[in-house]
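The values are calculated or read from the model by the stated rules, or taken from the named source; none is laboratory data. Only a predicted model underlies this, so the values are computations on that prediction, with no experimental measurement involved. Methodologically, a virtual Cβ is constructed for each residue, glycine included, from the backbone with ideal geometry; neighbour enumeration extends over all protein chains shown. These area figures cover heavy atoms from the full protein model, side chains too; ligands, DNA and RNA do not enter into them. Shrake-Rupley method; radii C 1.70, N 1.55, O 1.52, S 1.80 Å.
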Amino acid sequence: MKKIIQRFCSKRMSAPFIGLLPIFIFSFITNMTSVAATPVEDSADIKTAQSTFLLKAGMELVWSDEFNTDGAPNPMNWNYEYGFIRNQELQWYQSQNASCKNGVLLIEGKREVVQNPNYSPTSSDWRNIRPSASYTSSCMITRGLQEWSAGGYYEVRARIDVTKGAWPAIWLLGNKGSWPDNGEIDMMEFYRINDEPHILANVAWGTAQKYKAAWDSSERLYTDFASKDPDWASKFHIWSMMWDDKYIRLYLDGELLNAIDLNKTLNADKTNPFVSSQKFYLILNLAIGSNGGIPDDSKFPVTFEVDYARVYKVIKKKLK
């Protein structure tokens, strides 16, 4: 913490910056506990801490899960998906693959067989035509428990597994209507494109064709990050989003990956899911296969670890 403050304060302050000092100081005090609780490993962490601190200026923490209690994740925050769900992925989702230990949420993708109770050899639905699953994992969702109106600052500190077959994601969906008209925000996805691992930051909305999305995507090669830090995959990183009425900006360790102009995110009926009155819920999941690639069974189990998830909103002025 001392290094962060010294490094931050050593920069020359311009007159406009001085004018904003009260906001920065208030934000610093309200967020001091959460910053201090996050271990700072090196100069890159200090730079990230500075960047995220500035993004949060003028914001207050309205919700978080620090995953500090060992055992099952907090049921006041999380529901689960079960079975085969989407994208013809290989995993069977179940709650028991998610647990908290030593202050971290651990989602495990395991190589194990689960019989499909919905199996029907004559079904036309891919979810039902499979007699069993060869992999299990978890998908955790805050829907119906913790939801937030459009806008704000979101931050998730996590460590992802880059093993072939793994497809971890941090994302949000709107709670009204069907996909993609309800809006999707992918703060983080890791998967393979033409068998090359990528880190993605995306937003999706509806088109005139039902269930067909329009996308604004950023696709960065994983090697862009690993070449700068060979230990990148062994470390925790901060995925964050700044969301106002004009843009959604998605960051990785304080670096801007994608800025989505909300003037263009219009559904076919001209509604805009990202500036509407609906609320959004958070999803943390680890898929196996599909875009993740053919799993490397020799590397299983694969993991997705989350240190914390936090939501901030603009501080409202109190009436005198």
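Between the Cα long axis of helix 21-36 and the first principal axis of the chain there is an angle of about 50°, rounded to the nearest 10. Our Cα-only numbers for the chain put the radius of gyration and Dmax at 20.3, 72 Å.
Taking the accessible area of the chain, probe 1.4 Å, and keeping the other protein chains in place, the carbon and sulfur fraction comes to 53%. Computed over the alpha-carbon pairs of segment 245-306, the distance histogram in 10 Å steps reads 15, 29, 31, 19, 5 percent, short to long. FRET efficiency for the E112 to S276 pair, using the beta carbon distance and R₀ = 51 Å, is estimated at 0.80.
Gain on full extension, evaluated as 0.36 nm per residue between I129 and N291 minus their Cα-Cα distance, stands at 56.3 nm.
The value given for segment 47-183 is a Kirkwood hydrodynamic radius of 17.5 Å, derived from the mean inverse Cα-Cα separation. Remark: spin-label model distance Q209-D229 equals 3.9 nm, labels positioned 7 Å along the Cα→Cβ axis.
Each Lys or Arg adds one and each Asp or Glu takes one away; over the other residues whose Cβ falls under 14 Å from the Cβ of K101, this sums to -4. Computed with every protein chain present, the accessible area of D269 is close to 100 Å² [probe 1.4 Å]. The 3J(HN,Hα) values that the Karplus relation (6.51, -1.76, 1.60; θ = phi - 60°) gives for segment 56-66 are, in residue order, 7, 4, x, 10, 10, 6, 10, 7, 7, 10, 8 Hz. Gly and Pro appear as x. Say we join alpha carbon atoms closer than 10 Å with springs in a Gaussian network model of the chain; which of Y82, Y308, Y211 then has the biggest fluctuation? In the Gaussian network model the winner is Y211.
Summing +1 for each Lys or Arg and -1 for each Asp or Glu, what net charge is found among the other residues whose Cβ lies under 11 Å from the Cβ of W243?
Cβ neighbours under 11 Å give a net charge of +1.
Rolling a 1.4 Å probe over the heavy atoms of the protein chains gives segment 209-320 an accessible area of 52 Å² per residue. Note on I315 and E196: with the Förster distance fixed at 41 Å, the Cβ-Cβ geometry gives a FRET efficiency of about 0.45.
Segment L256..E60, full-extension length gain: 68.4 nm, with 0.36 nm per residue of separation and the alpha-carbon distance subtracted.
What length, rounded to one decimal in nm, is gained on full extension from K101 through to A44, with 0.36 nm per residue of separation minus their alpha-carbon distance? Here the answer is 17.9 nm. What's the local net charge at G151, with K and R +1, D and E -1, over the other residues with C-beta under 9 Å away? Its environment carries a net charge of -1. Taking every C-alpha pair closer than 8 Å and separated by at least 6 residues, the mean separation divided by the residue count of the chain gives a relative contact order of 24 percent. Computed from point charges on the beta carbon alone (+1 for Lys and Arg, -1 for Asp and Glu), the dipole magnitude for the chain about its Cα centre is near 1140 Debye. Computed over protein heavy atoms with a 1.4 Å probe, the accessible surface of segment 71-187 works out to 41 Å² per residue.
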